[in-house]
Amino acid sequence: MLSTIWSDLRYSARTLRRNPGFAAAAILTIALGVGVNAGLFTVINGVLLRDLPAADARELVSIEQSIQGAPGRIGNAFTTREYRTLAERTTTLSGVFGHSDPTRTTLGGESPQQIVGTIVTCEYFDVLGQPPAMGRALRAEDCETGSSASRTLNIQSMHEGSGRGPAR
């Protein structure tokens with residue numbers, strides 16, 4: 001078996017030496033195919049296959065609702081009252097947090113910057129089981145009506161906001 005493979009490799013090398021144009025096209029096609037597949041796998045692995053960075057990522061569920069023809073309702077969003085009712089009455093979930101879709105905000109100053117943010121409820125870090133990398137997590141008093149706004153920044157926003165450029 002090994003001798004058959006060796007003779008096939010020698011025959012392939014001789015054939016490729018006789019037709020350098022074909023050899024270049026074949027090598028380029030194989031290299032391009034391997035590169036595209038590696039790139040696709042990297043994207044799919046990062047987006048679909050890898051677990052979220054949470055303590056028990058396989059136990060996370062997403063709850064959405066579909067409201068057709070309801071005036072004043074946008075998409076599948078829960079109202080604050082609906083979210084609080086769900087959080088208070090659930091018996092099957094260990095925790096519930098709410099979040100908005102990502103939104104873009106422009107921060108002013110000498111060099112205005114656009115950052116992407118998401119509004120989350122105070123239980124966000126507790127339910128995900130992840131402490132913030134720096135600073136403190138949101139507290140219950142941060143979410144009380146009339147409290148001042150609290151912010152949690154990702155590392156990239158912190159570095160860009162400090163003028164040091166993107167995090168590396």
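Readers should treat all values here as calculations from the given coordinates under stated rules, not as data from a laboratory. The structure displayed is predicted, hence computed values, not measured ones. Cβ sites come from the backbone with ideal geometry, for glycine too, and all protein chains shown count toward neighbours.
Beta carbons closer than 9 Å, at least 6 apart along the sequence or on distinct chains, pair a first residue in region 1-21 that is on the phi < 0 side of the Ramachandran plot with a second that is surrounded by 10 or more Cβ atoms within 10 Å (Cβ to Cβ) and in a helix (DSSP H, G or I) for Thr15/Phe22; Thr15/Ala23; Leu16/Phe22; Leu16/Ala23; Leu16/Ala26; Leu16/Ile27; Arg17/Ala23. The residues of region 100-124 that are surrounded by 12 or more Cβ atoms within 10 Å (Cβ to Cβ) and outside any loop (DSSP other than H, G, I, E, B), listed by number, are Leu107, Gln113, Ile115, Gly117, Val120, Tyr124.
Does Asp8 satisfy the criteria of being charged (D, E, K, R) and either surrounded by 10 or more Cβ atoms within 10 Å (Cβ to Cβ) or more than 30 Å from Pro131 (Cα to Cα) (or both)? Criteria met by Asp8.
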